[in-house]
Every structure is written in C-alpha cells, then in structure tokens.
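K.L.:
One structure follows; several queries about it will come next.
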Amino acid sequence: MAAVLISLAFIALRWLLGRVLDDGQPYIILFIPVTLSAFFGGFGPGLVSVLTTIACADYFLIPPLYTIGLPDNRVIMATLLFSAAGLVISALGEVGRSAVLQVSGEAEVSKLAHEQLLANEERLQITEQVISGGVWDWDIVADTVYWSGGYRRMMDYPLGDPSSREKWVACLHPDDREHILRQLDAFLEQKLHNWSLEYRTRTATGRIRWIASYGQSFYDSWGNPTRMVGINLDISARRFAEVDAHQSEPRARTG
C-alpha cells in the first residue's frame, strides 16, 4: 500500500510539472518512488511501484493523455528501459535493505548483550558485598588471572591494578605459604575438581585476613589442568573470634 501511495504521489507531482514544463521524459522523476519503495520495503514493494508508475504514466503523462496504450516505438522502448531499471533497483533495494536490517539486528543484539553484561556485573558486585568475597579465575595454560572488584577490595588492591598469580603467591601469609602451595600442587596432580581451603593472607596494605577459598578445576582430555575458577570469602571475623575465645579460655580457668 505504501509503495502504491508514494508512486501515485510522484505521478501527481509529475503531472503538475507537465502542465508547466514538459520535457518529454516522464519516467525520470518516477525512479524516485521505485527506489524508495525498494529500499524500505524490498523487492516486492519495488516491483509494485514499477507496475503502478508504468500504468499511471501511460494514462496521465504520455500523450495522448487519459488513454491506455503506448503510442510509438520510442515510448515503448523508454517504458521497457524503465521497467528493466526498476527491476534492478528493486533487487538492489532488497539487498541493501537486508544489509541494513542485518546491521541493525546485530547492533540490537550487541546492545542487549551489553545491557545484560552490565546487569550481571551489578548482580555480582551486590553479591560480593553481601558475602564479603570476590571471584577469581586462573587460566592455567596461559598463566593469567582474573580478579573481580570484590576480590580486589578484599585484598586492598586498586581496581586498575594488574592481576597475576605471582601477586597471589606474594600475598599468602609467610607462615602458610609453603603449605598452601603444596596443597595446590597435590590438588592438581591428583586431578581433583573441588577446591576448598582456609588460609591467611596479607593484603596490599599489610592487613591480615583469613580467607575461605572454594573453586572448581578443569582438565583437558589428557588430564592436564587448564583452568580454575572460584570465590574467596573473608572469614577474618570468625577466625579472629575463635582465636580470642581460645586465648581467653585458660585465663578464665585460672581466674
């Protein structure tokens, strides 16, 4: 319907122009509705526009006016050329429209994915604040590490500070470091999957924290470790309270 209406609008415009100035080329301006119909509607609307403009041009624009039938070979040839060009424009319009729709669809998908990513990051941040913890991801093959914002805050690292396994090793409490590394090596050598360990760390600002670390390991088809993903929870309050209770118990018995 839109293709018909826009074609009729240009036929009317050409008819009005013909009353003032007739250049003998009625089809030139009629390429515009065909192009618009093809680009916005595709091949079908473009074809409808071609047929509409040819029929109306024969009746309203080509002498003798208000009659049906092409008067001579010159007009017949011009009409055939317009028809062929209109079909080509319609086909190109379909291709262009499909390309625009594809780009628009990809842009919409990208926008939705970005919005979903932001929403997931917000949920993760809220969760980490609630549980006083942070997520970590160790790519064992590439030996690269990811720390979430909650992990960095827990360890007093600046949010833009690069993460690395070396920094994690360095932050382990000196009295616990060798034991933790042996536990990790044994865990991977035995090809275990569920990691769970409590240990002390020293944050970037020198504070001592007790950490409960939980994770999942992944292996390739040959049994080589490829990745570990997990979460660290700050359990300092509980562990320090246990230490205080243990130390106060002998004093209470002595009193």
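K.L.:
Right, Glu94: surrounded by 11 or more Cβ atoms within 10 Å (Cβ to Cβ), modelled with pLDDT under 65 and either assigned to a loop (DSSP other than H, G, I, E, B) or not hydrophobic (A, V, I, L, M, F, W, C) (or both) or not?
P.N.:
It is false that Glu94 is surrounded by 11 or more Cβ atoms within 10 Å (Cβ to Cβ), modelled with pLDDT under 65 and either assigned to a loop (DSSP other than H, G, I, E, B) or not hydrophobic (A, V, I, L, M, F, W, C) (or both).
K.L.:
Moving on. Looking for something at pLDDT below 70, assigned to a helix (DSSP H, G or I) and under 16 Å from Phe82 (Cα atoms) - is there at least one such residue anywhere in segment 3-21?
P.N.:
So far as segment 3-21 goes, yes, one or more of its residues are at pLDDT below 70, assigned to a helix (DSSP H, G or I) and under 16 Å from Phe82 (Cα atoms).
K.L.:
Also: Could we say that Tyr157 is aromatic (Phe, Trp, Tyr) and farther than 29 Å from Asp220 by Cβ here?
P.N.:
So Tyr157 fits the description; yes.
The values are calculated or read from the model by the stated rules, or taken from the named source; none is laboratory data. On a predicted model such as this, the values are computed, not experimentally measured, just so you know. Cβ coordinates were reconstructed from backbone atoms using ideal geometry, including for glycine residues, and neighbour counts include every protein chain displayed.
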